[in-house]
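Peer 1: Have a look at the structure that comes next, please.
The values are calculated or read from the model by the stated rules, or taken from the named source; none is laboratory data. Just so it is clear, the structure is predicted and the values come from calculations on it, not from any experiment. All Cβ positions, even for glycine, are placed from backbone atoms using ideal geometry, and neighbour counts span all protein chains on display. With ligands, DNA and RNA removed, areas are computed over all heavy atoms of the protein, side chains included. Shrake-Rupley method; radii C 1.70, N 1.55, O 1.52, S 1.80 Å.
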2 protein chains.
Amino acid sequence: MGNNYGRALRIDLSTRKIVNEEIGEDVIYKFIGGKGFAARLLYDELKPGIDPLDPDNILVVAAGPVTGTNAPSFSKAVFATKSPLTYIFADSYVGGTLGSKLRSAGYDLIIVKGRAEKPVYLYINDGKVSIEDANNLWGKDVLEVEKALKNKYGEEAQIASIGPAGENLVSYACVCHQIYRQAGRGGIGAVMGSKNLKAIVVKGSGKVEAFDKSKFNKVVKEANENMRGNKIIQEGLAKFGTLTMVPMAQAMGIAIVRNYSNGVMEEKVAEQLSGPEIEEKYKPKKLACFRCPVACEKPTRIKTVKWGEIETETEFETLMLLGPNIGITNYQTIAYLGLLCDRMGMDTIQTGNALSFAMECYERGLITHEDTGGLELNFGNEQAVIKMVESIAYRKGFGDILAQGVRQLARKIGRGSDKFAMHVKGLAFPAAWDVRGAQGHGLSFAVSDRGACHTSSDVDFIEFSGAPGIADRFSLEGKPKIIKDTEDLASVRETLISCIFNFLPAEIHLRLLNGALGKDISMGEFLRVGERIEQLIRAFNVREGKISRKEDTLPDRVYAEPIPEGPSAGHTISREKFEEALNIYYELRGWNKDGIPSKKKLEELGLEKAAEEVGV
Amino acid sequence: MGNNYGRALRIDLSTRKIVNEEIGEDVIYKFIGGKGFAARLLYDELKPGIDPLDPDNILVVAAGPVTGTNAPSFSKAVFATKSPLTYIFADSYVGGTLGSKLRSAGYDLIIVKGRAEKPVYLYINDGKVSIEDANNLWGKDVLEVEKALKNKYGEEAQIASIGPAGENLVSYACVCHQIYRQAGRGGIGAVMGSKNLKAIVVKGSGKVEAFDKSKFNKVVKEANENMRGNKIIQEGLAKFGTLTMVPMAQAMGIAIVRNYSNGVMEEKVAEQLSGPEIEEKYKPKKLACFRCPVACEKPTRIKTVKWGEIETETEFETLMLLGPNIGITNYQTIAYLGLLCDRMGMDTIQTGNALSFAMECYERGLITHEDTGGLELNFGNEQAVIKMVESIAYRKGFGDILAQGVRQLARKIGRGSDKFAMHVKGLAFPAAWDVRGAQGHGLSFAVSDRGACHTSSDVDFIEFSGAPGIADRFSLEGKPKIIKDTEDLASVRETLISCIFNFLPAEIHLRLLNGALGKDISMGEFLRVGERIEQLIRAFNVREGKISRKEDTLPDRVYAEPIPEGPSAGHTISREKFEEALNIYYELRGWNKDGIPSKKKLEELGLEKAAEEVGV
């Protein structure tokens, strides 16, 4: 294949077998890269119903055909597996330099299976691969692991590792990279932990080049110009990182406060936590992924009163969910909590939700301090929260229950608590946004292939855009089609793998792909790849027996409780409208009323095996 | 069919035969109404290559299944025919009360063929139809005809008529209704003229009701709420009519000035011509179409210095094209010119373009006052313009050439003048917008089924919306898919027939349709109707031999001359990018590189005859 693309590495940790494989040209045409390869592998190779922590579950790490080239913001890697949190497909994307380094080292895809007898890490160095002893790393937190492995292999070595949370199989343990970056969602770190795989270390010196360089470089120039001309990037993300979204959430009244019980923060809090205020006060540095002109990462050195000087990176999701969502409004505390989660290797979205849900249960008297091991788990109790985060990572006491995630927690607590357990299919709600004020976005949470995901479609951008006829953010009208279309687009974006924050249009993505591979894939074929991946993942989830219409729903709170204050006050999602919109979405996808893909649709996309196994 | 829908009236003016027909349920399912019925009739019944002014050309007048009910803003009617201006399919929509009255009178569709021996008008009164002598109306202008027929039949009679321009076969003569409303585009008035058909008079007392009233009324309530919540309607159209767009065009630098040679008006002019200023100064009345809560029509009584007191309605297109576009900035003069065109029964868009094009030719010395019959046809020459408008309507002198439209004019003048002849396929550019600053909108002009049309897609709303990744108005990236999708949506809107200014989402349209007919058509089927209509019209245009890739283009000016000043300064459409985007659009439509529909796509949509005749 053009630009030497399609080099796979297959590792069985049980047998210590290491095999190089080549991905066929037909597979590349059908699935392109990252998310696509992962979907195919999980569908074709996993035994239906397998326990996610079984050695036979597989972990996929992949780059895309443009990754590591001089195209801007194409450096991410995807981690994918069957999730121990949701029990369905999970994919999660990590920024930094891992994806590009993987390709420099000679691989585009890694498939890990089995379980090592003792803790190990994987070492990949310019095509040479070995399984190394990790006994002395086991138990170390992410900061320590990064430091130890960089000491050994040099600063240029790129590391993906798990912390104590992953080792202890916390269902939302993440995979960490460069301290501040995570493949955060779906508990992929626990799958690494279950395989006794502490880290992956990658070194590589190969240059990644496009097949058709002159064609490719022309598109790269265009892509850079496009990004320079984008106001959201230049005046938002490049200046304040993702914290540019704090005032936006507040202005629309869709901020996350105390387990989704309000849409606005107190004015003073909103000001203190906004990007410009933090910029002014803490003067964060800027950190870019490989060849990214945006540099949205803002590592910040903070002199705290309680914990001395710390360096951390608090992006939007962390800030909201470990902040106002759990009643904490002091930036320093939020930053410290974020750092703690990063060191333990736990998803801050899921952690924040587990805490806020437990806090609401505590304040409603559904659990007491006997359940919490004596902690007064009220909103805003800083000391309790810090203690609880550590207890989760090490699965101590009540922390062991919180470690199972908000869905499981609600099942245990019972007594109607599921009504305010903010998750879809086990994946907790992200901070972007309170969906009662972004209702199309809410529907996309309900139908997303991995649970409540804020990046699975771009419908929120459209509903905030002001375009008449479709841009009423309090309505579901017109949204199913936009969700379906932008999900397919997001899917090709994630298979390429492009960062969501370059906001590049599909044509530039396609031209980069064609330049990189020296091919002439058409826009129609390209969009069909997106649809194919979405349908295959749905088929996977259906085959797991975990997904049908009744799981494509939202927690009761968003239907029953209006946002009490602010610009979105009074709004809920109408249950009736939701069901109507879901019908339309299913029809546009070619699914039956129960959400099961039709044989015809699956066959049309060349997914014959799925058509036979799950199609109706 | 539910709510008594599908009642057609077929009239042959040559033989004076009048026949009632019923439209089959299968046809209703496939084409729904207005634009759909028209497309089918023209495709199935017209001899390919027929002269548009031949008696055998047919004129279609249609309503839709929701027309005339209590749904808001469903009162329009469509006129369609093979156009004497473009020689392809033409459809044009007229507001007012004609559509709803037609249904009250017992008809949903009229098909007129043949040529009367002497001038006639059609009289429809509660199911009774007669062909009446119009000798004493022939030669009268539109105001006089309306008055005479209202005198005879009463105020409640609804009239569609042509003026002198239609009688004299001016290629852009329009059909007029209630003085201020026109089916303006494509020269449909000339086809009426060629048939010696001066007017259609409709009286009816039947009540139009939905089949499933309770279901329907629920949706009507929703539709009204939706429109009440729409800011563009409430703060724009309902207050200032379409003139709310004047400051918008100026602010983006995409106003139409002197034959598209600049994107901004002088500040003073822009202020004088803006909605709020005119509101303040002239206090226009508000006039609504049947059951429309928007009431965008603003009849205005003006005490002019030169022409005494006049009453007229100057909407956005008229204001720009008979104003700054021809160098006239005095509102009173523009209003008078608009009234003159309305009385003569000529499209103001096409008239403005013919004038501005001729003026640019005159100022460049490509034509002289010998050609113009002694007129100094400089930009801004008010007296010359007034004289010329009359000369066009009566086809006197140079007016006879202008009456053929800007495409034909450029062919006659030659010498490279086609480079700034602003039309696509003969249909002149509208005032919304200068496409160098709304480039997706430009592509939609190029591919629209009737020539340069500003209502054939909603891509301009999206490119002005600010949604990242797709909303760069100076780029074509991401636009082909939006154009294709919103064209299909516009097509169902126009087959329903809904007004573009209610901005209702497709779901409400669909629920209105289902309530009106007592059916359960799905969203997928509904969107397919839109696509089917678009493809059938393309097939019609291809079969006429008039359309292939080389006609899907824009005048040279938009590629070669940057907008010189203002917020869009420096921008042109890149020819290379245009061709790339066109390729993508063709692929998404299932057309080959030459723009011809594939057999497969046509068959897929149940258009077997078209597949056989034109599919590749």
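Peer 1: Regarding A:G345, is this residue of a type in the set (G, A, S) and under 12 Å from A:V389 (Cβ atoms)? Walk me through how you get there before you give the answer.
Peer 2: Numbers: of a type in the set (G, A, S): yes; under 12 Å from A:V389 (Cβ atoms): yes.
The answer is yes for A:G345.
Peer 1: Just for the range B:200-224: of the residues that are within 12 Å of chain A (Cβ to nearest Cβ) and in contact with a Leu (Cβ under 8 Å, 6 or more places away or on another chain), which one is farthest from B:E463 (Cα to Cα)? Walk me through how you get there before you give the answer.
Peer 2: Initially, the range B:200-224 is screened for residues within 12 Å of chain A (Cβ to nearest Cβ), giving B:218-219, B:222-223.
Retained after the next criterion (residues that are in contact with a Leu (Cβ under 8 Å, 6 or more places away or on another chain)): B:219, B:223.
Values: B:V219: 30, B:A223: 25 Å.
Filtering the range B:200-224 for residues that are within 12 Å of chain A (Cβ to nearest Cβ) and in contact with a Leu (Cβ under 8 Å, 6 or more places away or on another chain), the one farthest from B:E463 (Cα to Cα) comes out as B:V219.
Peer 1: Give the residue that is farthest from B:A199 (Cα to Cα), with candidates limited to residues of the range B:302-345 that are among the hydrophobic types (A, V, I, L, M, F, W, C) and touching a strand residue (DSSP E or B) at 6+ places or on another chain (Cβ under 6 Å).
Peer 2: Here the answer is B:I302.
Peer 1: Is it true that A:S457 is open to solvent by less than 10 Å² (accessible area, probe 1.4 Å), of a type in the set (G, A, S) and either part of a helix (DSSP H, G or I) or assigned by TED's automatic domain parsing to the domain that holds A:L339 (or both)?
Peer 2: Taking the combined requirement at face value, the residue does not satisfy it.
Peer 1: Would you pick out the residues in the range B:447-462 that are within 14 Å of chain A (Cβ to nearest Cβ) and of a type outside the set (F, W, Y)?
Peer 2: Selection gives B:T455, B:S457, B:D458, B:V459, B:D460, B:I462.
Peer 1: Just one of the numbered conditions (1) of a type in the set (A, V, I, L, M, F, W, C); (2) in contact (Cβ under 8 Å) with a residue 60 or more places away in the chain; (3) buried (at least 18 other Cβ atoms within 10 Å of the Cβ) is not true of B:A38; which one?
Peer 2: (2)
Peer 1: Of the numbered conditions (1) touching a Ser or Thr at 6+ places or on another chain (Cβ under 8 Å); (2) assigned to a helix (DSSP H, G or I); (3) more than 14 Å from every other protein chain (Cβ to nearest Cβ), B:T486 satisfies every one except a single condition; which is it?
Peer 2: Here B:T486 clears every test but (3).
Peer 1: Among the residues of the range B:225-236 satisfying the criterion of being more than 25 Å from the chain's Cα centre (by Cα) and open to solvent by 40 Å² or more (accessible area, probe 1.4 Å), which is nearest to the other protein chains (Cβ to nearest Cβ)?
Peer 2: By that ranking, first place goes to B:G229.
Peer 1: Being in a helix (DSSP H, G or I) and at the interface with another protein chain (Cβ under 9 Å from one of its Cβ atoms) is the filter here; which residues of the range B:464-483 pass it?
Peer 2: Once the filter is applied, which keeps residues that are in a helix (DSSP H, G or I) and at the interface with another protein chain (Cβ under 9 Å from one of its Cβ atoms), the range B:464-483 yields B:K479, B:P480, B:K481.
Peer 1: While we're here: Give just the number: which of (1) in contact (Cβ under 8 Å) with a residue 12 or more places away in the chain; (2) open to solvent by 20 Å² or more (accessible area, probe 1.4 Å) does A:D342 not satisfy?
Peer 2: (2)
Peer 1: When only residues in the range A:586-602 that are among the hydrophobic types (A, V, I, L, M, F, W, C) and in contact with a helix residue (DSSP H, G or I) (Cβ under 7 Å, 6 or more places away or on another chain) count, which is farthest from A:E551 (Cα to Cα)?
Peer 2: Per the stated criteria, the residue is A:L602.
Peer 1: Might you let me know whether the range B:276-295 holds any residue that is within 14 Å of another protein chain (Cβ to nearest Cβ) and open to solvent by 20 Å² or more (accessible area, probe 1.4 Å)?
Peer 2: Let us first name the residues in the range B:276-295 that are within 14 Å of another protein chain (Cβ to nearest Cβ), namely B:294.
From the residues that got through so far, the ones that are open to solvent by 20 Å² or more (accessible area, probe 1.4 Å) too are none.
No, the conditions are met nowhere in the range B:276-295.
Peer 1: Follow-up. Mind listing whichever residues of the range A:426-454 are open to solvent by less than 10 Å² (accessible area, probe 1.4 Å) and in a strand (DSSP E or B)?
Peer 2: A:L427, A:A428, A:G451 - these are the residues of the range A:426-454 that are open to solvent by less than 10 Å² (accessible area, probe 1.4 Å) and in a strand (DSSP E or B).
Peer 1: Another question, if that's okay. Looking only at the range A:41-53, which residues are surrounded by fewer than 17 Cβ atoms within 10 Å (Cβ to Cβ) and either farther than 14 Å from A:A90 by Cβ or touching a Ser or Thr at 6+ places or on another chain (Cβ under 9 Å) (or both)?
Peer 2: Residues satisfying the conditions are A:D44, A:E45, A:K47, A:P48, A:G49, A:D51.
Peer 1: When the residues of the range A:89-116 are filtered to those that are in a strand (DSSP E or B) and either over 16 Å from the mean Cα position of the chain (by Cα) or modelled with pLDDT under 95 (or both), which remaining residue is farthest from A:E494 (Cα to Cα)?
Peer 2: That would be A:K113.
Peer 1: Still on this structure, I have one more. Could you list, in sequence order, the residues of the range A:489-501 that are open to solvent by less than 10 Å² (accessible area, probe 1.4 Å) and out of contact with any strand residue (DSSP E or B) (no Cβ under 7 Å at 6 or more places or on another chain)?
Peer 2: From the range A:489-501, those open to solvent by less than 10 Å² (accessible area, probe 1.4 Å) are A:490-492, A:495-498; that's our starting set.
Within the range A:489-501, A:A490, A:S491, A:V492, A:T495, A:L496, A:S498 qualify.
Peer 1: Would you say A:L504 is buried (at least 24 other Cβ atoms within 10 Å of the Cβ) and more than 27 Å from A:K231 (Cβ to Cβ)?
Peer 2: no
Peer 1: So, in the range A:386-403, how many residues would count as being outside any helix (DSSP H, G or I) and crowded, with 22+ Cβ neighbours inside 10 Å? Outline the logic, then answer.
Peer 2: Here is the first cut: in the range A:386-403, the residues outside any helix (DSSP H, G or I) are A:395-397, A:403.
Keeping just the survivors that are crowded, with 22+ Cβ neighbours inside 10 Å gives A:403.
Counting residues in the range A:386-403 that are outside any helix (DSSP H, G or I) and crowded, with 22+ Cβ neighbours inside 10 Å gives 1.
Peer 1: Restricting to the range A:461-472, name every residue that is out of contact with any Lys or Arg (no Cβ under 7 Å at 6 or more places or on another chain), crowded, with 24+ Cβ neighbours inside 10 Å and under 22 Å from A:E317 (Cα atoms).
Peer 2: A:I462
Peer 1: A:R532 is checked against (1) farther than 19 Å from A:N226 by Cβ; (2) within 12 Å of chain B (Cβ to nearest Cβ) and fails just one. What number does that condition carry?
Peer 2: Status for A:R532: all satisfied but (2).
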